[in-house]
Amino acid sequence: MSKVAITKCNGYELDKAVSAIRVLMENTDFPQVSGKDVLIKTNLLSDAKPEKGITTNPIIIEALIILLKERGANKIAVGDSPGLQTPNFKPIHSGILEVIEKTGTTWIDFTKETIEKRVYKKTKAPISKAVLDADILISAAKFKTHELMNATGASKNMFGIIPSIHKSKLHLSATSPDSFASLILNLLDIRKPDWSIIDAVIGMEGSGPSNGNLRHIGLLMASNNPLQLDDAERIIMGYKKKDIPILRAAIKRDDHALDSEYTLLDPNGLVIQDFEIIKRKRKKGLFSSLLLPFLRRPFANRGNKRPKPKFDKDKCRLCKRCIEICPAKALSIKDGTIDIKIKKCISCYCCSEVCPFGAISIKE
């Protein structure tokens, strides 16, 4: 049973973040970092400005670096890979590069050196060698909803150890939320973070992980077990365990996977009653719940009943990012607008995640 610590942190002031994270380290099974090389895997879905709440706030990264140095870490690096990564990418707009330069740490480009691993059934993918080689790996995630997985946290953050466009391609192999959840658990088997923290000072509700609404949560939370940390996150959001595919998959593998010891604050006392979660219509009745899934099994990869993305012509700037990232090649430009081939769409929502203009929505 792992310790999950939650503490209050009302703003992104460096002294507050350092104090709060120090308390989290003291009240969890934080690893021994003295003399060791540490890699912080941040959440860089895109190089968005901090005020958009899409990425791990740079103040949290800076506070982590200060405390790692305080505890005697040898070399400290920060790394990640956005869904659509340009050559020689550096996290300029997110403010993380400024922190790296200020603290004398190193930026790791996850596309530079990779090792191929089997990540789902027979499917292989490149994984950052820096992640595999790090003495200590810290997952610095963000408190957000997620259109495909309902919530994203410390576990889902590890999907970023697969560089750039290779991530979206995997949606063709793991087409459903449950199969994708299995893929994430496989990644944790390959390289589980030694400690995870979720930046919940400002979170995102609604249409996350990039186009939702920002909400002040005022918390930081951490654990050496990313799944148990994510379980605490979903409690605060107001989800049930069964609503989160990654947690469902974890329980299926191990009945005690989510057994946690809460220190400091208990998430059950922090539930946000009006938090806007992802809601999907659920089929009811014996036929739809038991027989229909069995009958559909031979056609599982030929389509799904999840909502398809909707494109707002007024907001769209034809930047083509959605077209570039779509693993199913379902998008194109036709008559000056984005055209979607519904039969090709696998509802992975990669297009919505990378749209910088909020022009793509996911609705029933």
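The values are calculated or read from the model by the stated rules, or taken from the named source; none is laboratory data. The model shown is predicted, which means the values in this text are computed figures rather than measured ones. As a convention, Cβ positions derive from the backbone with ideal geometry for all residues, glycine included, and neighbour counts pool all protein chains shown.
A few comments on the model shown:
- Pairs, first closer than 18 Å to A222 by Cβ and assigned by TED's automatic domain parsing to the domain that holds F30 in region 251-268, second among the hydrophobic types (A, V, I, L, M, F, W, C) and at pLDDT below 95, C-beta under 6 Å, six or more apart: D259/M1; E261/M1
- Filtered residues of region 92-114 (kept if part of a loop (DSSP other than H, G, I, E, B), more than 24 Å from A125 (Cβ to Cβ) and not small (G, A, S)): I92, H93, T105
- A count restricted to region 188-206 and to residues that are farther than 15 Å from K129 by Cα and among the charged types (D, E, K, R) stands at 4.
- Qualifying residue in region 30-42 (condition: part of a loop (DSSP other than H, G, I, E, B), modelled with pLDDT of 95 or more and among the β-branched types (V, I, T)): yes
- Test: I362 is under 20 Å from A174 (Cα atoms) and touching a Phe, Trp or Tyr at 6+ places or on another chain (Cβ under 9 Å): yes
Results for (1) in contact with a helix residue (DSSP H, G or I) (Cβ under 7 Å, 6 or more places away or on another chain); (2) surrounded by 24 or more Cβ atoms within 10 Å (Cβ to Cβ), shown as yes or no for each residue.
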position: G206; (1), (2): no, no
position: S210; (1), (2): yes, yes
position: I217; (1), (2): no, yes
position: L227; (1), (2): yes, yes
position: M237; (1), (2): no, yes
position: K240; (1), (2): no, no
position: K252; (1), (2): no, no
position: S260; (1), (2): yes, no
position: L265; (1), (2): no, no
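- Flag for V38 being over 28 Å from D133 (Cβ atoms), assigned by TED's automatic domain parsing to the domain that holds I108 and crowded, with 17+ Cβ neighbours inside 10 Å: no
- Set side by side, the residues T106, T152 differ, and just one is touching a Ser or Thr at 6+ places or on another chain (Cβ under 8 Å) and in the same structural domain as L67 (by TED's automatic domain parsing), which is T152.
- Residue match in region 156-175 (condition: over 22 Å from I325 (Cα atoms) and crowded, with 23+ Cβ neighbours inside 10 Å): no
- Residue check, I54 in the same structural domain as I217 (by TED's automatic domain parsing), in contact with a Leu (Cβ under 6 Å, 6 or more places away or on another chain), part of a helix (DSSP H, G or I) and not basic (K, R): no
- Matching residues, region 39-78, being closer than 17 Å to D109 by Cα, of a type in the set (G, A, S) and within 14 Å of the chain's Cα centre (by Cα): S46
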